[in-house]
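The values are calculated or read from the model by the stated rules, or taken from the named source; none is laboratory data. It should be emphasised that the depicted structure is a prediction, and the values quoted were computed from it without experimental measurement. In this analysis, Cβ positions are derived from the backbone assuming ideal geometry, glycine residues included, and neighbour counts consider all displayed protein chains. Ligands, DNA and RNA are excluded from the accessible area calculation, which covers all protein heavy atoms including side chains. Shrake-Rupley method; radii C 1.70, N 1.55, O 1.52, S 1.80 Å.
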Amino acid sequence: MATARALLDRPGAFWRVCQVTGYQVFTPVQRLIVFNAVGAVLSLTLGGILALLMALTRWEAVALLPPELYYRFTSAHGVLMLVFWIVFFEIAALLFGGTILINAKLKGVRFAWTYSGLMAVGAVVTTATTLSGHANNMFTAYPPLVNHPMFYVGILLFAVGALCGSCHFVYQVWTARREGVVAGPLPLVVYALLTAAIIAIWTLLHGAVAYVPALLQSLGLITLDPAVYRTLFWGFGHGAQQINLAAMVACWYALAAITTGARPVNEGLSRFAFVLYLVGINMGSMHHLLVDPGIGMHARIINTSYFMYAALLGSLIHAFSIPAALETAQRARGHTRGLFGWLKAGPWKEPGFAALMVSFIGFGFIAGVSGVLMGTMQLNMLIHNTLFVVGHFHATVVLGTTVAFMGLAYYVVPLVMQRDLSFLGLARWQPYVYGGGLLVLIGGLMLAGKLGASRRSWDASYSLAPLQVESLSTPLMTFANTLIGIGAILAVIGGAMFVLIMVATVFLGRRSERPAVGTLGILAGRDGPESDVAIPEFDHDATRFQAPGTTTLVFVFLVWFVAMFAWASVNLARVGWGVG
Amino acid sequence: MSALTAPPRRYLARIGRDERVWLAFAVVWCLFLFAIMYVWQFYGAQRTPIESYRIEPAEFRALTQDYIAEYRIGEVSGVPITVPTEDGEAFLAARAFVFEPVLQLKRGESVRIYLSSYDFQHGMSIQPLNLNFQVLPGYVYVVNLTPTTTGEFGIVCNEYCGLGHHAMSGRIIVTD
Ligand code: HEM
Ligand SMILES: [Cu+2]
Ligand SMILES: [Cu+2]
């Protein structure tokens with residue numbers, strides 16, 4: 001009767017028990033979560049509209065926008081998506097993880113409203129500056145190019161808000177531990193979010209170190225050295241991707257638990273993997289500078305490898321432990337046939353499971369592998385600033401992170417709003433439509449990049465240049481550009497489905513104490529959800545393989561990884577020319 | 001109990017057999033990926049250029065103009081064509097919105113290219129080889145190239161440098 005007693009200690013109108021999960025919910029946090037989620041979805045919507053216009057410009061058959069608008073919208077798309085959509089969602093997730101997931105009260109509700117408001121103001125200022133054509137030089141705005149000062153003012157306001165939000169989360173977890181609200185270790189998902197929050201604090205401080213001087217430069221007060229700025233900027237820009245990585249993996253563990261009741265197979269090992277993300281916190285940033293002047297060989301190699309691939313090792317651990325958790329849970333449900341019977345029998349029609357699978361497989365096979373290839377110092381010469389890079393990061397941050405966030409939103413938003421999820425039928429398809437469109441888009445981007453198309457360019461063939469470059473206008477390039485256009489249309493339809501479902505849920509969903517969200521693998525327990533079937537512990541002393549299907553799959557993945565690496569190396573050797 | 005709720009107080013477990021096997025391969029692969037960069041850099045034919053120097057853009061411009069004046073052999077579309085110096089050196093400047101000069105190289109002969117910019121950041125992307133280097137004003141990047149194939153190779157700018165970015169190109173010609 002822990003719940004009943006706990007609630008007695010928590011009088012007043014501010015608490016309820018979630019009927020679906022069993023969490024004790026401090027109700028004032030609900031509107032904060034929704035506020036940030038709305039900020040996220042609005043950014044995603046606007047960014048998605050721009051994405052479609054941009055992709056239709058890249059597709060020569062349509063060639064929609066004039067150059068100035070193309071660059072303006074590329075700047076806006078980058079900042080709306082990579083910064084506002086992602087970070088608003090992360091702050092919503094931190095508010096959720098720092099209270100509901102640990103049955104804790106939010107200390108400092110007004111503070112939370114202040115920083116959420118600050119983020120909203122910052123987002124509006126930067127978006128308005130960019131869309132009105134005052135920040136066409138991309139969100140990176142490498143000196144001596146600058147954006148309008150208000151662009152930086154908005155970013156800095158937003159960043160200060162996000163910094164407060166991350167610190168608030170750490171404070172929440174810390175006081176919950178100290179006051180005994182969380183008696184033992186943190187739930188794994190909260191632990192993962194804590195890693196993300198710590199990386200975020202570090203990264204946002206880095207952001208100030210880059211963007212404050214950039215603001216001063218845009219005011220004409222100082223002059224920045226291009227190489228120094230690039231180093232500072234990517235200390236922030238790359239670190240931000242480490243936040244997304246940790247937050248995405250947190251979503252994976254959460255979605256696996258929600259949809260199949262899966263429990264981590266090895267809490268200690270999974271936590272160690274998150275610690276490895278922290279070890280790499282200051283590393284990796286130089287993979288953006290691998291063909292820049294001004295950096296020594298050892299610095300490049302040690303940094304780009306996250307000190308001998310510590311972060312990669314972390315991801316490889318998750319690559320095993322997430323499917324292994326699914327396999328164990330599915331086998332406990334009686335899906336024991338063969339190596340992969342458990343996988344075939346998965347709840348593929350459950351939006352959260354579909355999102356998990358699209359995100360997990362897409363991130364692993366495409367994003368992670370291409371990232372390691374690109375981050376290999378010499379291989380980087382083949383792709384730096386080509387559309388291949390854009391293909392890679394649409395695999396990481398869209399196919400991976402965005403899809404995972406969408407999956408989580410299908411549960412968190414209805415449960416927090418206490419409204420049924422609208423259009424469940426549509427939600428079942430959404431991850432596949434979005435993911436499928438992205439696969440085509442990413443394929444097109446990577447192919448075009450391999451053929452030499454550069455990123456951030458209105459015309460991939462440079463046909464207006466005085467010296468013509470014939471090799472850039474081949475039928476294969478046209479095909480790649482067509483894939484970009486068609487993939488974008490599909491992906492934007494998938495994105496619109498998500499937005500529609502969210503908007504309908506928030507405004508029209510039937511109010512309910514027990515909101516309908518699809519078929520879950522969890523039941524309301526005492527202090528949170530429990531698996532709906534008894535799932536045995538992973539037997540760590542067994543001499544037989546406990547998750548033979550997963551073990552097979554990870555080795556298939558390793559073979560793919562090695563093959564791709566070999567292929568890329570052959571490509572480099574086939575350049576033929578000596579370079580050095 | 002799941003990833004969404006607290007595990008027992010003592011959650012550390014042994015590393016199971018499946019995990020051990022996978023971890024062993026993973027660690028080996030990580031170390032390989034690390035080591036291969038050194039191996040390629042010392043023994044490979046395509047090494048990442050490392051050598052670079054600071055220089056004032058105005059000074060780089062003066063040096064490049066002197067080089068062009070002395071080693072010019074022609075012109076194409078208003079861009080001068082030059083050959084490398086007797087010591088196998090050449091200057092390649094990026095500016096909004098052209099790469100100058102057009103370099104005429106000899107197959108099999110190494111050239112030491114001093115690459116920099118007069119104004120903004122640019123990207124030197126040699127096509128169809130798809131070899132890409134960042135160009136920063138204030139820094140000379142020393143790129144050593146040894147062409148092994150003949151023909152005309154386009155250069156396009158692949159770092160956004162302003163509204164003429166998509167019309168910024170250059171050329172390398174390789175003859176026998
Ligand atoms: C429907 C989905 C999307 C489509 C069709 C799409 C398409 C594109 C295209 C065509 C570019 C410009 C390529 C160039 O010229 O360099 C681009 C850039 C970019 N996209 Fe997306 N995108 C989508 C979603 C997203 C999302 C969800 C994110 C982030 C979470 C994102 C992040 C970015 C970033 C950071 C850039 C780089 C901007 C820059 O170069 O400054 N995109 N996208
Ligand atoms: Cu990075
Ligand atoms: Cu350019």
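Among beta bridges identified by DSSP and lying wholly in the protein assembly as shown, the antiparallel ones come to about 75 percent.
Please work out how much accessible surface residue A:286 shows to a 1.4 Å probe, ignoring ligands, DNA and RNA, in Å² rounded to 10. It works out to around 40 Å².
Helix A:67-78 axis versus longest C-alpha principal axis of chain A: approximately 30°, rounded to the nearest ten.
Figure legend: label point modelled 7 angstrom from the Cα of residue B:96 along Cα→Cβ; no residues of the stretch B:60-83 have amide N under 16 Å from it.
As a test of the formula, what do you get for chain A when each DSSP H run with n ≥ 4 contributes -39,500 (n - 2.57) and the sum is divided by the residue count, at 222 nm and rounded to the nearest 500 deg cm²/dmol?
Result for chain A, helices only: -21500 deg cm²/dmol.
In this structure, the amide hydrogen of residue A:25, modeled 1.01 Å from its nitrogen in the peptide plane, lies closer than 5 angstrom to those of A:16, A:17, A:18, counting only residues at least 5 positions away or on a different chain.
Can you list which of the GluC sites (Glu not before Pro) found in the stretch A:487-580 are DSSP loop residues with at most 14 other C-beta atoms within 10 Å? Intermediate results must be reported in sequence, preceding the final value.
On the way: sites: A:513, A:530, A:537; in loops: A:513, A:537.
Passing sites in the stretch A:487-580 are A:513, A:537.
If R0 is 30 Å, the Cβ-Cβ spacing of residue A:544 and residue A:566 corresponds to a FRET efficiency of close to 0.35. For chain B, just say rounded, prolate or oblate: build the C-alpha gyration tensor, square-root its eigenvalues into a ≥ b ≥ c, call rounded for a/c under 1.5, and beyond that prolate if a/b exceeds b/c, oblate if not. Prolate, because a/c is 1.5 or more and a/b exceeds b/c.
Any idea what the dipole of the stretch A:501-580 comes to, in debye rounded to 20, about its Cα centre with Lys/Arg Cβ at +1 and Asp/Glu Cβ at -1?
Details: 6 positive and 7 negative charges, 101 e Å.
So the magnitude is around 480 debye.
Which FRET efficiency value, to the nearest 0.05, is calculated for residue A:177 and residue A:109 with the Förster distance at 22 angstrom and r the Cβ-Cβ distance?
On the way: r = 20 Å, r/R0 = 0.92.
That gives a FRET efficiency of 0.60.
The phi-based Karplus calculation (6.51 cos²θ - 1.76 cosθ + 1.60; θ = phi - 60°) puts the 3J(HN,Hα) values of the stretch B:87-93 at 8, x, 10, 8, 10, 9, 10 Hz, whole numbers, x for Gly and Pro. Sequence-ordered 3J(HN,Hα) estimates for the stretch B:59-66 from the Karplus curve with 6.51, -1.76 and 1.60 and θ = phi - 60° stand at 5, 4, 4, 4, 4, 5, 5, 4 Hz, glycine and proline given as x.
Where in the stretch B:1-103 are there trypsin sites (Lys or Arg not before Pro) that are in a DSSP coil and have at most 11 other Cβ atoms within 10 angstrom of their Cβ? Spell out each step's value before the answer.
Numbers: sites: B:9, B:10, B:14, B:17, B:20, B:47, B:54, B:61, B:72, B:95; in loops: B:9, B:10, B:14, B:47.
For trypsin sites (Lys or Arg not before Pro) across the stretch B:1-103 that sit outside H, G, I, E and B with at most 11 neighbouring Cβ atoms in 10 Å, the list reads B:9, B:10.
For the residues of A:567-579, the average number of beta carbons from a partner chain within 10 Å of their own beta carbon is 5.
Between the Cα long axis of helix B:17-43 and the first principal axis of chain B there is an angle of about 20°, rounded to the nearest 10.
Within the accessible area of the stretch B:30-176, the carbon and sulfur atoms contribute 53%, probe 1.4 Å, all protein chains present.
Using R₀ = 51 Å, calculate the FRET efficiency as 1/(1 + (r/R₀)^6) where r is the Cβ-Cβ separation of residue B:55 and residue A:49; round to 0.05.
My answer for the efficiency is 0.70.
In this structure, the amide hydrogen of residue A:522, modeled 1.01 Å from its nitrogen in the peptide plane, lies closer than 5 angstrom to those of A:532, counting only residues at least 5 positions away or on a different chain.
Normalising by the residue count of chain B, find the relative contact order in percent from Cα pairs under 8 Å and 6+ residues apart. Present the calculation step by step, with values, prior to reporting the outcome.
Details: 318 pairs, mean separation 34.4, N = 176.
Rounded, it is 20 percent for chain B.
What shape does the stretch A:75-134 have by the C-alpha gyration tensor, where a ≥ b ≥ c are the square roots of the eigenvalues, rounded means a/c under 1.5, and otherwise prolate means a/b greater than b/c and oblate the rest? Intermediate values should be presented prior to the final figure.
Values: a/c = 7.00, a/b = 2.17, b/c = 3.23.
Oblate, because a/c is 1.5 or more while a/b does not exceed b/c.
Per-residue mean of foreign Cβ neighbours for A:293-305 is 5 (Cβ atoms of other chains, 10 Å radius). Site pair residue B:66 and residue A:503 shows an inter-label distance of 6.4 nm when each label is modelled 7 Å from Cα along Cα→Cβ. Reported to the nearest whole Å, the Cα centre-to-centre distance from the stretch A:336-403 to the stretch A:198-221 is 31. To the nearest ten degrees, helix A:109-131 and the longest principal axis of the Cα atoms of chain A are 20 degrees apart.
Modelling each spin label as a point 7 Å along the Cα-to-Cβ direction, I'd like the residue A:221/residue A:131 distance in nm, to one decimal. Inter-label distance under the simple model: 2.9 nm. Under a 5 Å amide H cut-off, with hydrogens placed 1.01 Å from N, residue B:169 pairs with A:467, B:99 among residues at least 5 apart or on other chains.
Only Lys, Arg, Asp and Glu count, each charged at its Cβ (+1, +1, -1, -1), so figure out the dipole size of the stretch A:1-137 about its Cα centre, rounded to 20 debye. Could the numbers behind the result be given before it?
Numbers: 9 positive and 4 negative charges, 131 e Å.
For the stretch A:1-137, the charge dipole is close to 620 debye.
Phi-derived couplings, Karplus 6.51 cos²θ - 1.76 cosθ + 1.60 at θ = phi - 60°, listed residue by residue for the stretch A:512-522: 7, 5, 10, x, 7, 9, x, 9, 9, x, 10 Hz, with x used for Gly and Pro. Need one number: nm distance between label points at residue B:85 and residue B:28, each 7 Å from Cα along Cα→Cβ, rounded to one decimal. Computed distance between label sites residue B:85 and residue B:28 equals 5.1 nm.
Qualifying trypsin sites (Lys or Arg not before Pro) in the stretch A:96-151, where qualification requires a DSSP coil assignment and no more than 16 other C-beta atoms within 10 Å, comprise A:107. Overall, the protein assembly as shown carries a charge dipole of about 2700 debye about its Cα centre when +1 sits on the Cβ of Lys and Arg and -1 on the Cβ of Asp and Glu, all other atoms neutral.
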